[in-house]
Amino acid sequence: MKFRAKIVDAACLNHFTRVSAMIAKLAKTCTLRISPEKLNFVLSDRVASGGVSMWCELEQENFFSEFQMEGISAENNAIYLDLTAENLSRALKTAQNARALKIKLTNKHFPCLTVSIELLSVSSSSRVVTHDIPVKVIPRKLWKDLQEPTIPDSDVSIYLPVLKTMKSIVEKMKNISNHLIMEANLSGELNLKIETELVCVTTHFKDLGNPPPASEDASQERPPEQMAEVHIDIRKLLQFLAGQQVNPTRAVCNLVSNKIVHFDLLHEDVSLQYFIPALS
C-alpha cells in the first residue's frame with residue numbers, strides 16, 4: 001500500500017486548501033478514499049440513526065502534478081483512511097504561498113499522512129515544514145459502508161439561492177427553534193419555515209428555477225405549485241451552510257418528502273453531496 005502526491009501550482013494548492021477547510025467545517029472525522037483517478041472525502045453517519053452523510057469528490061489530475069498510489073491489491077486498488085478533518089485543514093493552512101506541497105502515506109510507529117510544505121524564505125532559500133497527521137487504515141471488509149451514496153428519486157429539485165443569504169436567515173431562525181421545515185415546488189419557490197407554539201416564521205424565495213427532471217415522467221404528474229416538505233434539524237443545515245465559504249458554481253437541493261434533503265454542489269471541479277435526513 002503506497003501513496004504519494006505533489007502539488008506545485010499555486011491555484012491548485014489554494015483550491016485544495018479551501019476544500020480541506022470546507023470538509024473540516026462539515027465533519028469532525030471523515031474517511032479519505034484514495035483511488036488512481038480520484039480523491040474522496042466521505043462521511044457515512046448512519047442515516048437511520050439521524051446522522052448526515054457526505055460524499056466529496058475531486059479528480060486528482062486537476063490538483064496534483066505527481067500522483068502515485070497502490071491500493072491493497074490489484075483488484076481493490078484503493079486506500080481508505082480515517083482522519084480528523086481539522087488536522088489536515090490546519091496543516092494545509094501553513095501552505096499559503098508555498099513553493100510545493102507533498103503528501104505521503106508513512107508509518108511513524110503508527111500510520112500517518114505526512115504533509116511536507118516547501119516554503120520560500122526571505123533569503124530565497126527554501127525551508128520545509130512537515131506535519132504528521134495520524135490516520136487509521138480501514139480494512140477491506142468495512143469498505144462497503146463507505147461507497148458513493150445512492151441518489152434518491154426526489155419529489156422536487158430546485159436551484160438554491162445565494163448560500164450566504166440562506167445562512168444568515170437560518171442563523172436567526174436557530175435562535176427560535178431547533179427544527180426547520182424546508183419546502184419547495186416545481187415553480188421555483190423555496191420556503192424556510194419554523195413553527196413554535198408562539199410564533200411561525202417563513203422566508204420565501206421565488207424564481208429560483210428547477211433543474212430539468214432526470215426522467216421524463218418524474219415530474220409530469222406533480223402540479224408545479226405543490227410543495228414537497230421535509231422537517232430537519234436546523235443545526236445540521238447550519239453546519240452545512242457554514243462550510244460553504246465560497247458560493248458554488250452550481251447548487252441544487254433535492255427534496256424527498258418527509259425523508260431526506262440532498263444538497264448537490266459543484267465548486268469548480270469539486271463536487272459535494274450532502275444528505276440531511278428528516279426528523280422522525
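The values are calculated or read from the model by the stated rules, or taken from the named source; none is laboratory data. On a predicted model such as this, the values are computed, not experimentally measured, just so you know. Here Cβ is always computed from backbone atoms with ideal geometry, including for glycine, and neighbour counts include all displayed protein chains. Quick note on the areas: whole protein, heavy atoms, side chains included, nothing else; ligands and nucleic acids left out. Shrake-Rupley method; radii C 1.70, N 1.55, O 1.52, S 1.80 Å.
Let's see how each residue does on (1) open to solvent by less than 20 Å² (accessible area, probe 1.4 Å); (2) of a type in the set (A, V, I, L, M); (3) in a helix (DSSP H, G or I):
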site: I72; (1), (2), (3): no, yes, no
site: L81; (1), (2), (3): yes, yes, no
site: E86; (1), (2), (3): no, no, yes
site: A95; (1), (2), (3): yes, yes, no
site: P149; (1), (2), (3): no, no, no
site: S154; (1), (2), (3): no, no, no
site: I158; (1), (2), (3): yes, yes, no
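Scanning segment 56-69 for residues that are within 14 Å of E37 (Cβ to Cβ), open to solvent by 40 Å² or more (accessible area, probe 1.4 Å) and of a type in the set (D, E, K, R) yields E59, E61.
Are any of the residues in segment 11-18 of a type in the set (A, V, I, L, M, F, W, C), assigned to a strand (DSSP E or B) and either under 19 Å from I133 (Cβ atoms) or modelled with pLDDT of 95 or more (or both)? Spell out the reasoning first.
Filtering segment 11-18 down to residues of a type in the set (A, V, I, L, M, F, W, C) leaves 11-13, 16.
If we keep only those that are assigned to a strand (DSSP E or B) too, we end up with none.
The answer is no; no qualifying residue exists.
One residue is enough: does segment 180-190 have a residue meeting the conditions in a strand (DSSP E or B), more than 21 Å from the chain's Cα centre (by Cα), charged (D, E, K, R) and crowded, with 18+ Cβ neighbours inside 10 Å? For segment 180-190, residues in a strand (DSSP E or B), more than 21 Å from the chain's Cα centre (by Cα), charged (D, E, K, R) and crowded, with 18+ Cβ neighbours inside 10 Å: present.
Can you tell me which of Q239, Q245, Q273 is under 22 Å from the mean Cα position of the chain (by Cα), within 27 Å of L146 (Cβ to Cβ), assigned to a loop (DSSP other than H, G, I, E, B) and not charged (D, E, K, R)? Before the answer, list the steps.
Numbers: Q239 fails: assigned to a loop (DSSP other than H, G, I, E, B); Q273 fails: assigned to a loop (DSSP other than H, G, I, E, B).
Sole residue among the options that is under 22 Å from the mean Cα position of the chain (by Cα), within 27 Å of L146 (Cβ to Cβ), assigned to a loop (DSSP other than H, G, I, E, B) and not charged (D, E, K, R): Q245.
If the condition is being among the charged types (D, E, K, R) and in contact with a strand residue (DSSP E or B) (Cβ under 9 Å, 6 or more places away or on another chain), then segment 243-280 contributes R250, K259, D264, D269.
Here is a yes/no grid of residues against (1) touching a Cys at 6+ places or on another chain (Cβ under 9 Å); (2) without any contact (Cβ under 8 Å) to a residue 60 or more places away in the chain; (3) under 27 Å from E57 (Cα atoms):
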| position | (1), (2), (3) |
| --- | --- |
| H109 | no, yes, no |
| V115 | no, yes, yes |
| T130 | no, yes, yes |
| I138 | no, no, yes |
| V156 | yes, no, yes |
| I176 | no, yes, no |
| N185 | no, yes, no |
| I194 | yes, yes, no |
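Can you pull out every residue in segment 165-179 that is within 23 Å of the chain's Cα centre (by Cα) and either of a type in the set (F, W, Y) or buried (at least 19 other Cβ atoms within 10 Å of the Cβ) (or both)?
Step one: of segment 165-179, the residues within 23 Å of the chain's Cα centre (by Cα) are 165-171, 174, 178-179.
M166, V170 - these are the residues of segment 165-179 that are within 23 Å of the chain's Cα centre (by Cα) and either of a type in the set (F, W, Y) or buried (at least 19 other Cβ atoms within 10 Å of the Cβ) (or both).
Checking each residue in segment 30-68 for being touching a Pro at 6+ places or on another chain (Cβ under 6 Å) and among the aliphatic types (A, V, I, L, M) picks out only V47. Among the numbered conditions (1) surrounded by fewer than 20 Cβ atoms within 10 Å (Cβ to Cβ); (2) in a helix (DSSP H, G or I), the only one that A91 does not meet is (1). Scanning segment 121-147 for residues that are open to solvent by less than 70 Å² (accessible area, probe 1.4 Å) and among the acidic types (D, E) turns up just one, D145.
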